[in-house]
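Contents: one structure, followed by commentary.
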Amino acid sequence: MAELNLRLREGDTERTITVNRDEFTIGRLPECNLHLPFEGISRCHARFLKTPSGAWTIEDMGSKNGTRLNERPVISPQQVNHGDILWLGDISLNILLSHPAQPHLTQLVEPVAQGTTIFRNVQELQQQWIQAEGTLDVVSNKEKAIARLKDLVNIAKNLSAAESIEAIFSQVQEVVFRELQSIERLALLIDVEGSGKLELLNAAARDILEQQNLTANGSWISRTICQKVFAEKVAIQTADAQMDKRFEGQQSILVKGIKSAIAVPLWDENKVVGVLYADAHLSSSHWTKGGEEDLSFFSALANLVASAVQRWLLTRKLRNEETIRTRLERYHSPAVVQHIMTLGALDNGRLTPAEVDISILFADIVGFTALSERLSPTEIAQLLNDFFEEMLQEVFTAGGTLDKYIGDCIMAFFGAPEPQPDHADRAFAAAKGMLTRLEKLNAARVWREPLQIRVAINSGRAVIGDVGSSQRVDYTALGATINLASRMEGICPPGECVVSEATYSLLKRSQDLQTVGEHHFKGIDRPVRVYQTKRH
């Protein structure tokens, strides 16, 4: 009877969950047997059921984002097999099935199907190829071991100099096709996003005529073998996978006619980052003879490749983070940017649009059109740069987010991307700070002539997030709440701030404001009560 375990990846860590009952539920509710408090997971998302025969099935429980088994939607109960990947929304679980009465696959060394398949634990293989044990005398074995060590050092040097994944694979391809004459095709599969999903990044063929579309068309690769290697940290070499009962019923192997294949995990003793896979159209006798040595060499090479791939993944992650940080710093204060980066609350480098409660602020220069007539374009640009620099200090001090500059107008909001229950107070504090700062700048004669601004604030629901095309994306606020704030700015006297009734009701201290009655605004089908500061 099979025992079921689930391997869950969370960032750079992974944990294994034992399914300890015949009905095992998964969902966002704490009562579920496996509690997954993640976005995209339904309250009771899916469940495992053990059948009378001892097999395990997975059933979707009407989840919002669905359940997929090996990328296929689970519409009715489906039987799970060892090495399968279960997707609950964007969360993946590796299926691990074991039979207590039988030895683990990583321990099997006896011939299977007339000696056509070899399973090995990668830890056992890392030194085996270097040690060069065999029929040679002690001196010859020692010399051979030294020569192999030199080869590995040279390979490691070349891999350490490779900066791109293409350069890494080029080095691997050269070594494999030189050292293993039996290999005809080679593939590098990487878990790029750390989600447990292997992506085919590069492939090569010894015969140049087979090279075209080899990477684009990965149908020649056995996902069954690759997933087993990846999930269990085992190295596999098979001269006829179709004859091995451990692959029995696996459609990818049957349909593709896979026979001679070799696959090892890219593992640097911390985590598995991918799989190095190769195949050949050879007889079983060829790969049975000396198969152990080929597998040992392939595993030793993969160990070096794993370090190079880890370095590439880290460099890629740092570059992505730097790009994201640079973009976020255009809109947020340094403290907010650091908080977002720490949480990792980004989907493919984007802040997903979401409906939240915010306060929106508009501030523009009074009489800017007339002022522009008196200044040269260069002087206008310099004035706006200095003005925005000063005003933005108040927005960031209050924990606000810059949406955009619209001509001479600043559009900022409070309450996102991180929730701020006091967003109305923050927006009003920023408005008063901007008015006070401008008075001091005028008194210091910073500008060629004094400037005045008017500020409008409204509060309510809005959609906040990244909006745009693949070429350009802007982090912005959308909705009726923003439209009203923009209209209100037109009735604000110079040097003052107006707020809507919605904002006024949220302020903890509102004695600085007095009502100026109800107003009708274009596009708004109801009267809006407005409150205003009285600074002058």
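Quick look at the numbers
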{"read-out": "Alpha carbon centroid spacing (whole Å) that separates the stretch 404-435 from the stretch 174-231", "value": "52 Å"}
{"read-out": "Carbon/sulfur fraction of accessible area - the stretch 385-536, other protein chains in place, 1.4 Å, %", "value": "48 percent"}
{"read-out": "Viscosity 0.692 mPa s, 37 °C: Kirkwood-radius Stokes-Einstein D of the stretch 391-493 over Cα pairs, µm²/s", "value": "222 µm²/s"}
{"read-out": "Where the stretch 389-482 is the region considered: accessible area per residue in Å², 1.4 Å probe", "value": "43 Å²"}
{"read-out": "Accessible area per residue in Å² at 1.4 Å probe, computed on the stretch 1-76", "value": "58 Å²"}
{"read-out": "Residue-by-residue Karplus 3J(HN,Hα) for the stretch 404-419, coefficients 6.51, -1.76, 1.60, Hz, glycine and proline x", "value": "6, 9, 10, x, 9, 9, 9, 10, 9, 9, 10, x, 7, x, 9, x"}
{"read-out": "Cross-link pairs beyond the 27 Å C-alpha cut-off, checked among Lys440/Lys534; Lys197/Lys233; Lys233/Lys317; Lys50/Lys228; Lys157/Lys317; Lys64/Lys271", "value": "Lys64/Lys271"}
{"read-out": "Packing-based order for 372-381, 228-237, using average beta carbon neighbours within 10 Å, highest first", "value": "228-237, 372-381"}
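The values are calculated or read from the model by the stated rules, or taken from the named source; none is laboratory data. None of these values were measured; they are calculated from a predicted model. A quick note on method: Cβ atoms are made from the backbone with ideal geometry, for glycine too, and the neighbour counts reach across all protein chains shown. Please note that ligands, DNA and RNA were not included when accessible areas were found on the heavy atoms of the full protein model with its side chains. Shrake-Rupley method; radii C 1.70, N 1.55, O 1.52, S 1.80 Å.
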